[in-house]
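See below for the structure under consideration.
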Amino acid sequence: MNNMPKNIPYILVSNDDGFFSNGIQALARLAAEFGRVIVVAPDTEQSAVGHAVTIYDPLRVNRIKVVDKIKGFSVTGTPADCVKLAHDQLLEEKPDLVLSGINHGSNAGINLLYSGTVSAATEGTVLGYPSIAVSCTDYDSNADLSACIVAARLMIDQVLKKGLPKGVTLNINAPSGPFKGLKWSKMADSRYVEEYEGRKDPLERPYYWLTGKFELLDTSPDADIQLLNQGYAAVTPIKYDLTDYDLLNAMKQNLEF
């Protein structure tokens with residue numbers, strides 16, 4: 001943590017690529033422009049673990065310097081574990097903001113359902129903190145994160161000033177390279193068409209390896225993936241409440257018990 005006064009924002013930073021990824025270092029530096037920063041992140045990569053939490057194993061913690069004067073904790077757990085543990089044990093005070101990322105790889109469309117990056121931010125929302133997830137569509141660990149940083153800076157400034165509605169998390173995605181612009185978006189209708197390829201190990205024991213391809217099913221101009229394909233950064237407000245209220249209300253009107 002740095003030596004800024006305590007009357008400025010206290011910001012928790014996490015991710016799913018792991019404590020030592022380039023993306024989290026970039027996000028920690030950006031967060032330091034706005035306040036006091038602490039990083040609590042997995043000690044190894046935890047991509048695609050979703051909102052998993054560790055139940056049957058202990059969580060072990062090491063205090064480590066992240067970058068510059070920013071310090072934090074590596075945790076032997078998932079992104080959601082990191083935010084939960086930070087909230088309950090590791091933070092000096094309640095954070096004003098939770099940031100997750102910068103992830104190396106898109107978390108637009110259906111990807112956000114599987115994403116540990118998004119889940120770390122969503123867990124912050126569940127705990128009552130304004131939270132933002134940030135991802136770059138380029139999977140290269142050395143990708144140019146310029147657009148992500150500009151987009152995140154804009155949203156961090158707004159969220160610290162105005163907050164977010166209860167239950168809402170912001171999911172930001174941006175291409176690599178220079179910033180072209182930021183657009184509000186919806187989650188694109190998309191899916192993975194997957195197969196499991198059967199193989200055998202040297203002892204002739206069968207095992208299976210996941211393969212498949214991504215399918216975009218959404219041509220809406222405000223879909224996040226469509227905007228990303230045009231070079232824009234996309235920010236999508238998402239909610240962890242999965243209730244289908246339209247169907248719920250219809251059932252209430254049409255069915256009696």
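The values are calculated or read from the model by the stated rules, or taken from the named source; none is laboratory data. The shown structure was predicted, so the numbers you read here are calculated from the model rather than taken from an experiment. Heads up, the Cβs are rebuilt from the backbone with ideal geometry, glycines too, and the neighbour counts pull from every protein chain shown.
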Inset, instruction - Those residues that are β-branched (Val, Ile, Thr) and in a strand (DSSP E or B), I need them from segment 75-111; list them, please. - result: Val75, Val98, Ile102
Legend entry - Within segment 191-209, tally of residues that are under 24 Å from the mean Cα position of the chain (by Cα) and surrounded by 10 or more Cβ atoms within 10 Å (Cβ to Cβ): 3
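Can you list the strands (runs of 3 or more DSSP E) lying wholly within segment 170-257 that have 3 or more residues being within 20 Å of Leu99 (Cα to Cα)?
Values: elements: 182-184, 190-200, 206-216, 233-239.
Of the strands (runs of 3 or more DSSP E) lying wholly inside segment 170-257, those with at least 3 residues that are within 20 Å of Leu99 (Cα to Cα) span 182-184, 233-239.
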Inset, instruction - Being farther than 26 Å from Arg36 by Cα and in contact (Cβ under 8 Å) with a residue 40 or more places away in the chain narrows it down to one of Ile132, Ile225, so name that one. - result: Ile225
Inset, instruction - Pick out the one residue from Val126, Val150, Val67 that is surrounded by fewer than 24 Cβ atoms within 10 Å (Cβ to Cβ), at pLDDT below 95, of a type outside the set (D, E, K, R) and over 30 Å from Val193 (Cβ atoms). - result: Val67
